[in-house]
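Each remark here refers to the structure printed beneath this line.
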Amino acid sequence: MARRSAPYLISILLISVAGAAADYEVVKSTHGNLIISGYAIGRYAYQNGDELAVGAPTVSTFSLRSASLIFRGDVFKYAGYSIYFDVACAKPLMDAYGTLDVIPYTEFRAGQFLVPFSRESYTSTSKLLLIDRSMVTLNVAPPLGRDVGAQLEFKLQSHDRPDWVSLAVAAVNGSGPNRVDENVAKDVAVRVAGNPLPWATTKGLTFEGYYYLGKPYTAPYGTGDGARYGGCVAFDHERFTFQGELLYREQTFQQPAGGGTVDLSDAGCYLHGSYKHPLPWPWLQIVEPAARWERYDAARNIPDDAADAVTGGVNLHFDPGHHCKLMANYQHFTEEGDEIDNDKISAQFQVRF
């Protein structure tokens, strides 16, 4: 019986994938509808090593950055789901949550999902403007941008006006994805976003603000108190993109045996932009030069430990919508203290279906 059913199951899978590749066509599932998508990203990186920087040898490597498969759909009119695997990661499960849309303009979700903090953090890897996320996003935002918990998101937008507003509130474990809670407390994340301007010329403009309150855990100090703040201004136009973001984190830990408190804080910001220039060839449709300036201070109470970086790059879009593109970046780092020769060259090719 197993041998007879195997070709049938393989046929069903191939039909499903083919249907998803054709502009995310809906596939009939056991109950409700299913959309299958995903992407594969291959990468090369070369980063200078400096013998003065302990543990920082020269790196030259090809790597599989992402091999993702995403299942999304609805069970019925008011309920849906999203399950996202990335087998290039040590723990492949990235997202797994259900949604409920009973209250007008409001979505409830529960499971493992992107925490509503930092625009760059919850931007898909396949849609990033530059290959690497900024230093401040990698350090201040939640790990991999994800956690386990529940979220309510309210979004109000008129069909005939460009202005809109949204509010997302999430309660999460605070330990990151695929991990059990490290304490009994729950972290709370809030994102307010919108465009209050009614003019058509400002349709792509977005203002965002973030607040994250939680109980951070570190091995040396245990559980402490912490908060993160942030804000972002972004403008997405048909031809050009601009985005600026500022993130800040403060943490306080009580040392054992009456050793007093330890205060830690870090902060950073970035500005990036790009311009899309259309090309006349059917196989290469857009060339997009991009650039970013960023700054990250890992310990604000320690002088001369901040770092700046300037990244320049170009994206070649063989097909619009990030379905097939080649990216190349050069990243120059400048340290406040001892200068380190750690500039980085990277290239990335991705296909998305």
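Here's the yes/no breakdown for (1) at pLDDT 95 or above; (2) under 14 Å from His31 (Cα atoms); (3) surrounded by 15 or more Cβ atoms within 10 Å (Cβ to Cβ):
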| site | (1), (2), (3) |
| --- | --- |
| Ser68 | yes, no, yes |
| Phe76 | no, yes, no |
| Lys91 | no, no, no |
| Tyr97 | yes, no, yes |
| Glu107 | yes, no, yes |
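For the range 27-61, which positions are in a loop (DSSP other than H, G, I, E, B) and either surrounded by 14 or more Cβ atoms within 10 Å (Cβ to Cβ) or at pLDDT below 65 (or both)? Before you say what the answer is, go through the steps one by one.
Initially, the range 27-61 is screened for residues in a loop (DSSP other than H, G, I, E, B), giving 29-32, 48-58.
Residues satisfying the conditions are Ser29, Gly32, Asn48, Gly49, Asp50, Glu51, Leu52, Ala53, Val54, Gly55, Ala56.
Being within 16 Å of the chain's Cα centre (by Cα), in a strand (DSSP E or B) and of a type in the set (Gly, Ala, Ser) is the filter here, so list the residues in the range 132-152 that pass it. Full working, then the answer.
So the first thing to find is which residues in the range 132-152 are within 16 Å of the chain's Cα centre (by Cα), and the list is 132-148.
Adding the requirement that they be in a strand (DSSP E or B) leaves 146-148.
Within the range 132-152, none qualify.
If I filter the range 282-320 down to residues being free of Cβ contacts under 8 Å to residues at least 40 places away in the same chain and small (Gly, Ala, Ser), which single residue comes out as nearest to Glu245 (Cα to Cα)?
Top of the filtered list is Ala291.
I need the full set of residues from the range 71-95 which are within 18 Å of Phe353 (Cα to Cα) and of a type in the set (Phe, Trp, Tyr), in order please.
Correct list: Phe71, Tyr84, Phe85.
What's the total number of residues in the range 105-124 that are out of contact with any Lys or Arg (no Cβ under 7 Å at 6 or more places or on another chain) and not aromatic (Phe, Trp, Tyr)?
At the first step, the residues of the range 105-124 found to be out of contact with any Lys or Arg (no Cβ under 7 Å at 6 or more places or on another chain) are 106-111, 118-119, 121-124.
Next, only the ones that are not aromatic (Phe, Trp, Tyr) stay: 106-107, 109-111, 118-119, 121, 123-124.
Number of matching residues: 10.
Report the residue count in the range 147-168 for those that are without any contact (Cβ under 8 Å) to a residue 40 or more places away in the chain and either closer than 25 Å to Tyr84 by Cα or not aliphatic (A, V, I, L, M) (or both). Spell out how you get there, then give the answer.
Restricting attention to the range 147-168, the residues satisfying the condition of being without any contact (Cβ under 8 Å) to a residue 40 or more places away in the chain are 148-149, 157-161, 163-167.
Narrowing the set further to residues that are either closer than 25 Å to Tyr84 by Cα or not aliphatic (A, V, I, L, M) (or both) leaves 148-149, 157-161, 163-164, 166-167.
The qualifying residues number 11.
For the range 153-173, which positions are touching a Phe, Trp or Tyr at 6+ places or on another chain (Cβ under 8 Å), crowded, with 17+ Cβ neighbours inside 10 Å and not in a strand (DSSP E or B)?
Correct list: empty.
Answer with yes or no whether Val180 is at negative phi and without any contact (Cβ under 8 Å) to a residue 24 or more places away in the chain. Even if it seems obvious, please write down each step before you answer.
On the way: at negative phi: yes; without any contact (Cβ under 8 Å) to a residue 24 or more places away in the chain: yes.
Yes; evaluated as a whole, the condition is true for this residue.
Filter the range 205-239 down to the residues that are in contact (Cβ under 8 Å) with a residue 40 or more places away in the chain and in contact with a Ser or Thr (Cβ under 7 Å, 6 or more places away or on another chain), then identify the one that is nearest to His272 (Cα to Cα).
Ala234
Identify, please: which residue in the range 238-283 is within 17 Å of Val314 (Cβ to Cβ) and among the basic types (Lys, Arg) and is, among those, modelled with the highest pLDDT?
Per the stated criteria, the residue is Lys276.
Go through Leu129, Leu64 for me and flag whichever is modelled with pLDDT of 95 or more, part of a strand (DSSP E or B) and of a type outside the set (Phe, Trp, Tyr). Give the steps one after another, and end with the answer.
Values: Leu129 fails: part of a strand (DSSP E or B).
Leu64 is the lone residue from the list that is modelled with pLDDT of 95 or more, part of a strand (DSSP E or B) and of a type outside the set (Phe, Trp, Tyr).
Sort out which residues of the range 194-229 are assigned to a loop (DSSP other than H, G, I, E, B) and under 20 Å from the mean Cα position of the chain (by Cα), and write them in order of number.
Going residue by residue through the range 194-229, those that are assigned to a loop (DSSP other than H, G, I, E, B) are 196-199, 203-204, 215-216, 219-221, 224.
If the condition is that a residue be assigned to a loop (DSSP other than H, G, I, E, B) and under 20 Å from the mean Cα position of the chain (by Cα), then Gly204 is the only one that fits.
Among residues belonging to the range 109-126 that are part of a loop (DSSP other than H, G, I, E, B) and either of a type in the set (Gly, Ala, Ser) or within 9 Å of the chain's Cα centre (by Cα) (or both), point out the one that is surrounded by the most Cβ atoms within 10 Å (Cβ to Cβ). First the steps, then the outcome.
So in the range 109-126, the residues part of a loop (DSSP other than H, G, I, E, B) come out as 115-124.
Okay, now just the ones that are also either of a type in the set (Gly, Ala, Ser) or within 9 Å of the chain's Cα centre (by Cα) (or both), so 118-124.
Details: Ser118: 27, Arg119: 22, Glu120: 22, Ser121: 25, Tyr122: 18, Thr123: 17, Ser124: 14.
Selected residue: Ser118.
Report those strands (runs of 3 or more DSSP E) wholly inside the range 248-353 carrying at least 3 residues which are buried (at least 18 other Cβ atoms within 10 Å of the Cβ) and among the aliphatic types (A, V, I, L, M). Walk me through how you get there before you give the answer.
Details: elements: 261-275, 286-297, 306-319, 324-335, 344-352.
Once the strands (runs of 3 or more DSSP E) in the range 248-353 are filtered for at least 3 residues that are buried (at least 18 other Cβ atoms within 10 Å of the Cβ) and among the aliphatic types (A, V, I, L, M), what remains is 306-319.
The values are calculated or read from the model by the stated rules, or taken from the named source; none is laboratory data. For clarity, every value in this text was computed on a predicted model and none was experimentally measured. Neighbour counts run over all protein chains shown; Cβ positions are idealised from the backbone, glycine included.
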